[in-house]
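This report concerns only the one structure given below.
Derivation of every value follows stated rules applied to the coordinates shown; laboratory data play no part. Remember, it's a predicted structure, so these values are computed and weren't measured experimentally. When we count neighbours, we look across all protein chains shown, and the Cβ atoms used for this are built from the backbone with ideal geometry, even at glycine.
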Number of protein chains: 8
Amino acid sequence: MWGGGMMFNEIVVQKDGKRILDEFDIKTAEFEKGYYTADSIEAVSTICSHATRAGVKIFNLVSVEDVIVREKKVTGVVINWSAVEMAGLHVDPLCVQSRFVVDATGHAIEVIKIIEKKVGMDLMTQTGKVMGEKSMWADVAEKKTLENTREAFPGVYVAGMAANATFGSFRMGPIFGGMLLSGEKAAKLILKRLRK
Amino acid sequence: MWGGGMMFNEIVVQKDGKRILDEFDIKTAEFEKGYYTADSIEAVSTICSHATRAGVKIFNLVSVEDVIVREKKVTGVVINWSAVEMAGLHVDPLCVQSRFVVDATGHAIEVIKIIEKKVGMDLMTQTGKVMGEKSMWADVAEKKTLENTREAFPGVYVAGMAANATFGSFRMGPIFGGMLLSGEKAAKLILKRLRK
Amino acid sequence: MWGGGMMFNEIVVQKDGKRILDEFDIKTAEFEKGYYTADSIEAVSTICSHATRAGVKIFNLVSVEDVIVREKKVTGVVINWSAVEMAGLHVDPLCVQSRFVVDATGHAIEVIKIIEKKVGMDLMTQTGKVMGEKSMWADVAEKKTLENTREAFPGVYVAGMAANATFGSFRMGPIFGGMLLSGEKAAKLILKRLRK
Amino acid sequence: MWGGGMMFNEIVVQKDGKRILDEFDIKTAEFEKGYYTADSIEAVSTICSHATRAGVKIFNLVSVEDVIVREKKVTGVVINWSAVEMAGLHVDPLCVQSRFVVDATGHAIEVIKIIEKKVGMDLMTQTGKVMGEKSMWADVAEKKTLENTREAFPGVYVAGMAANATFGSFRMGPIFGGMLLSGEKAAKLILKRLRK
Amino acid sequence: MWGGGMMFNEIVVQKDGKRILDEFDIKTAEFEKGYYTADSIEAVSTICSHATRAGVKIFNLVSVEDVIVREKKVTGVVINWSAVEMAGLHVDPLCVQSRFVVDATGHAIEVIKIIEKKVGMDLMTQTGKVMGEKSMWADVAEKKTLENTREAFPGVYVAGMAANATFGSFRMGPIFGGMLLSGEKAAKLILKRLRK
Amino acid sequence: MWGGGMMFNEIVVQKDGKRILDEFDIKTAEFEKGYYTADSIEAVSTICSHATRAGVKIFNLVSVEDVIVREKKVTGVVINWSAVEMAGLHVDPLCVQSRFVVDATGHAIEVIKIIEKKVGMDLMTQTGKVMGEKSMWADVAEKKTLENTREAFPGVYVAGMAANATFGSFRMGPIFGGMLLSGEKAAKLILKRLRK
Amino acid sequence: MWGGGMMFNEIVVQKDGKRILDEFDIKTAEFEKGYYTADSIEAVSTICSHATRAGVKIFNLVSVEDVIVREKKVTGVVINWSAVEMAGLHVDPLCVQSRFVVDATGHAIEVIKIIEKKVGMDLMTQTGKVMGEKSMWADVAEKKTLENTREAFPGVYVAGMAANATFGSFRMGPIFGGMLLSGEKAAKLILKRLRK
Amino acid sequence: MWGGGMMFNEIVVQKDGKRILDEFDIKTAEFEKGYYTADSIEAVSTICSHATRAGVKIFNLVSVEDVIVREKKVTGVVINWSAVEMAGLHVDPLCVQSRFVVDATGHAIEVIKIIEKKVGMDLMTQTGKVMGEKSMWADVAEKKTLENTREAFPGVYVAGMAANATFGSFRMGPIFGGMLLSGEKAAKLILKRLRK
């Protein structure tokens, strides 16, 4: 969201998504009926600020190289400095254990692709494989994103565009509402399971 | 056409193609019977000048990242600054809606390849897939280019070398007539449908 | 500040600097007497969120290529997409006029260096030239940063490490208090002049 | 001019410059009093088309590596394929003789810099050296560009932004009128001498 | 091992692995029950020093480009300067004959991949092909590494992470014991055959 | 051959190959029974000198981009400056017609791979496809290279390592005799057909 | 020393230098009178192993970005991950305080160059500046290296080729004895001062 | 000479230069009075073949990194694999002693520049420094090249374009006669001194 659409620092959200920006007190302006614009920098920094102050720990400058498995479940991630790969160095990674992993890496679905390639078990998709993002059909995609926001492998949720890329649905238009709602849904689903 | 053949700023057209250069009043010289040379810079800039003055809007420095679909039809393109990809940045694209899209990106068939990979429906070729450009057989290819200049997916026409790359025909020699005639044919086909 | 010290997402501020983090309600923990740590992501995103919500407009993905001058004063900046330079393209810039320009680009002093090279007038330093950052002497540097936070050319203020790089003082240690206080001082100085 | 301002395919010219676009029948729209916009692609391709049809021979994909001198005068240029340098190859150049050379390479003043470095004689500037482009001061620069459009070394004229870069004047704003008028002036000055 | 875990120059070994560090008199410290840390530089340089002094000849700066085959056996390697490939030069390799080859190139299994691709015979794995490294499951992987340390093609042993990558087992955690024990086992297996 | 083995400017030929070096009066020294060394620079430049003086026309700095086909035969090559691809430019190629084409591009079999991919007809190999170079088995390979030196597609001969790469035989050791004999055989085969 | 001479893993030491290899029990062979060869891998790894086991702490993968000064003395170094610069990231460094710093970075004299450029005080050389390495004169250089192994700035010693690069003496031949003796001398000089 | 002029494999020599091509029996064709063309590949390979067969030893793929000095004379060169620098490796060089060194590296004067920068003594030019190549003035340059073919530093001769670059004369046109004659002169001068 940081770069807006084609580097114009403005994002568009539909009415449903605006509710989330309102919760964070981010300024919006009605652009046309049902669509609102917001400053992309204000939106990202405010959500990030709230998240970190609520206790989220962001490991900046770090990439996921692999996942940790135990029996038939993902139980953490194998991380390394992003700079290590960028600089072409050979340095061993470290591990972080976790009850749930969320892949919200968008089109790239970096974690799900590692699981498909290296874990040797089926994903929870129709084919058991990554089904791939389809071309853009914004209306349908916004709805599908929410439906597809769910567990894609034991211990791993997908959110945002990664949900559609995993379960084979359409690309969203440059309207960020579905993405925000998807994140909220993923958080609630995991919270419910953590509270059990 | 801009770079001529192997960077020599001269292009060759056969008699049929010369008619189009004549329409634009571009100077040609008979090279051998039925073949004419023209200055590649003069040819490209003059055609481009006429096109823009006739109302064509060229979005310079922009690449097509994806297509927009509605039901079983392409209804536009998803664009981004070419510089964004060249610089390795992660910035969201914007959309442009369109009644028809023409893929005239030559050997690369950039739009058709996206459709084949991401739309999940058959192309209008014999195999339903991109059939691929064959090696060079100039005579046959010049004719085939015109035949292959047609709709390759609902809402998407192919023109120039992209036509042969899509429908699996031969590469044209360094003679630009078939390419010019193909563009003209694509324009006429779409015009007819727009006027309906 | 985003990357912390050597990619560890933690920053250190001394007592004076902590006051500013407190104003933004950023969590700090006493590390040793007079020194406090904070999460670098929380600190940056929270300050950025407050700034944008207070009306600061951040033009993301944009670089300053040149300055605008009128008589003997800088009256704005000449900007371009950063991606244009990263991709090696030749594209003309646009201009933004401004009553004051603040160079807070750190060691690089990108704006001041352009002025030194291209405006053809003396800077307000002892030598009239950029005096250059010296090696690290944290205690002295923290104090000097505040002193050096002032107008360095008519219409242009320097803040943070850019202040010491311009006026030739020492590099600060990896303690971010002086930087925060310098920004605050620059803001107050300019506010006073804008209100005149 | 091709990339417009910051990749927006629109250029601005003031009233004086509009006269030249009018001569080429390029569409303009009044933007604010005395300032007109035009499509950058239409403007460039139309001027290029007229130039080539009037007999200008453009050697595309070629760079100037050096100049040819005879006594105290430049009498041509030493050229090579631009691809040779881009690919890091070592290939010898060829020569093109010419009664006059125009350096219209903008900020880079590629020909003048070669002369300053390699010919071992003074330029016709106040200091005998390249005086360098100053920061942007649009109004003054537009006027100075015309004044500075003149012979800068025996046999070599400078035009457009190269004129100010050579004679040490300000950078023009993103308004292209001065550039067009400068090209026209250089052409007339040389024509007069060729006709002698 | 040289870079430690994520560039922190510290390695961890479990009790079994510690025995090998003890043999080389490398300092270790108990970190938690059954796990010991050592300095990665001390560990690597000490083992390397002992190996070379015991007669191992290390060809530094050299890569394996291909293998030598005789009937159905690998009998050596085809080597070249690594700098030749890094610099994109075309230079012919040389050969080194050997009774046994050990592929200890880790995740990359550089020698085994050449054999799979170019020798045209099955590997000694369940599928006859490289079975691929799975995601991380440290406990299981440590044990499997030892089991998989064996002949993978006539004349070629695999050791360390290359063993699991060849025979399709899990990735080891950032604990280096299994790797050390695997090397020892490979050495013993080959020694037995050389002595026959 | 120019770079020798691993950049040592010395080549090795066996007795059969020495005959060809003798024909060109290139100095050789017996290294061990049946094997001779020669200076790689002397060998390459002398053969090249004789070839050009005998009328061979070498187009330096040019790559083969595609082949020309007529019915079921290759009748020439489509060439471009190598610098064009190295510099990432888009420039159209030119054609050269030829009664026979010899692919002597070694491991890369650049022409044969284009035919396999783009002509859409079987090669004259057992599988109709490129069978691929196998690992090194010098003795067998030297003999096979001669056998495999033949027509691989109507109008296209393969010589040197390209012969084994096409017909699926072993890699030759760093002994250049087979390569020289293969070139001689290809020349004689084509000569016979040209004389018909 | 790791890469030997031109990638041949062999080093040469003269008689004086051999004494140090002997101390570490590194195998040497007399090559000609007074000159001995050793395996470069054995030499480097053995010295490194002894150093780390004697308590030297090597921070691998780390570069020196700047020095710390207090009054007129260097009191430590400012370090960062080398990968940060290699990957073109902007990340703040950390500091390490130290009673003495040794610049043994060879021709590059990385620390001394920072001091010359940023500390703003004279070095202890004849000119107060870096005097620069001269071309190779092995005999003279070996002796000068020992003489030049001394304090070059308060708190900073130079050793090995860095000594000659700082004090302006000749380059040593590919004989490593002087380098070893220089390191020993630097260690002894600092030890004496630490013991005071 | 290998790449001809702008990649056209043809070179031009004037009458004086033709004599040398005649000596090597290289075919030439009169182009215009006093000027002859030859095939660049034939010319280079034939001269190289004769040179190596006459006993010249060419070390291919090797660069000169430094010179060896003894008192006030250059007595050899310090060489390294070119691939080492291209690949960004740190590997020590080796030395080659020589009674005379000829710098024939053209515009780059690689050896002379090392001497100017590192030996700390004057060159035998008017200023004691490299005087630099001037722009192209073919007639004058051809003559000056012969005059400037002489000793430029004790033990070091310059030949070809390096002669003019050292002694500050004009660039030669793309006519290779002066270059050939310069090489011949350098050879004769050195021969005379070697015979003393």
(message) Quick query: amide H of residue E:65 versus all other amide H atoms, modeled in the peptide plane; which residues come in under 5 Å with a sequence gap of 5 or more or a different chain?
(response) E:78, E:79, E:80
(message) Compute the angle between helix A:138-148 and the longest alpha-carbon principal axis of chain A, please, reported from 0 to 90 degrees and rounded to the nearest 10.
(response) 40
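How many partner chain Cβ atoms sit within 10 Å of a residue's Cβ in peptide B:19-27, on average, as a whole number? Spell out each step's value before the answer.
Details: counts 0, 0, 0, 0, 0, 2, 2, 3, 3.
The shielding value for this peptide is 1.
Averaged over D:152-161, how many beta carbons belonging to a partner chain fall within 10 Å of each residue's beta carbon?
Working: counts 0, 0, 0, 0, 0, 0, 0, 0, 0, 1.
Partner-chain Cβ atoms within 10 Å, mean over residues of D:152-161: 0.
Across the residues of C:50-63, average count of Cβ atoms on other protein chains within 10 Å? Numbers along the way, then the final one.
Details: counts 4, 3, 11, 8, 1, 2, 3, 4, 6, 4, 11, 11, 3, 0.
Mean partner shielding for this stretch: 5.
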(message) Using Cα springs under 10 Å in a Gaussian network model of chain A, which residue among A:90, A:50, A:107 shows the largest mean-square fluctuation?
(response) A:90
(request) Please give the helix G:177-195 orientation as an angle from the longest Cα principal axis of chain G, in degrees from 0 to 90, rounded to the nearest 10. (result) 50
(request) Please report, in Å, the Rg and the Dmax of segment G:17-170, where both are computed over Cα atoms only. (result) 17.6, 53
(request) For segment H:102-187, build the convex hull from the C-alpha positions and give me its volume per residue in Å³. (result) 74
(message) If I model a spin label as a point 7 Å beyond the Cα along the Cα-Cβ vector, how far apart are those points for residue H:96 and residue H:24 in nm?
(response) 1.9
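Taking Cα atoms of segment F:27-67, Rg/Rh with Kirkwood Rh, to two decimals? Write down the numbers at each step before the final one.
Working: Rg = 15.4 Å, Rh = 12.9 Å.
In segment F:27-67, Rg relative to Rh is 1.19.
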(request) With +1 on each Lys and Arg Cβ and -1 on each Asp and Glu Cβ, and nothing else charged, work out how big the dipole of the protein assembly as shown is about its Cα centre, in Debye to the nearest 20. (result) 0
(message) Need the list of lysines near residue H:188 for cross-linking: C-alpha distance under 17 angstrom, and skip anything on the same chain fewer than eight residues off.
(response) H:196
(request) For each pair in A:73/A:117; G:72/G:113; D:15/D:57; A:117/E:144, compute the distance between the two Cα atoms and list the pairs where it is over 18 Å. (result) D:15/D:57; A:117/E:144
(message) Please report the spacing between the Cα centers of segment G:66-100 and segment C:1-71 in Å, no decimals.
(response) 22
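How long are the semi-axes of the equivalent ellipsoid of segment B:51-108, taking √(5λ) for every eigenvalue λ of the Cα gyration tensor, in whole Å from largest down?
Values: eigenvalues 80, 60, 26 Å².
After diagonalising the Cα gyration tensor, the semi-axes are 20, 17, 11 Å.
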(message) Could you derive backbone 3J(HN,Hα) for segment H:106-118 from the dihedral phi with the Karplus parameters 6.51, -1.76 and 1.60 (θ = phi - 60°), listing whole Hz in sequence and x where the residue is Gly or Pro?
(response) x, 3, 6, 5, 4, 6, 4, 5, 5, 5, 4, 7, 10
(request) Might you report the magnitude of the Cβ-based charge dipole of chain A about its Cα centre, with Lys and Arg at +1 and Asp and Glu at -1, to the nearest 20 debye? (result) 880
(message) Return the chain C residue and its Cβ-to-axis distance, rounded to the nearest Å, for the rotation relating C to G.
(response) C:88, 11
(message) What FRET efficiency comes out for residue G:31 versus residue F:10 if R0 is 22 angstrom and r is the Cβ-Cβ distance? Round to the nearest 0.05.
(response) 0.45
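One quarter of the convex hull surface, Cα atoms only: what value does that give for segment D:82-125 in nm²? Before the final figure, lay out the partial values.
Values: hull surface 18.2 nm².
That works out to 4.5 nm².
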(request) Return the distance in nm (one decimal) between the two label points of a simple spin-label model at residue A:70 and residue G:113, each offset 7 Å from Cα along Cα→Cβ. (result) 5.1
(message) Could you identify which residue out of D:70, D:19, D:150 has the top mean-square fluctuation in a GNM of chain D using Cα springs shorter than 10 Å?
(response) D:70
(request) Have a look at H:96, H:13, H:77 and tell me which one the Gaussian network model of chain H (Cα, springs below 10 Å) gives the largest fluctuation. (result) H:96
(message) For the protein assembly as shown, I need the span (max minus min coordinate) of the C-alpha atoms along each principal axis, in Å, sorted largest to smallest.
(response) 88, 88, 72
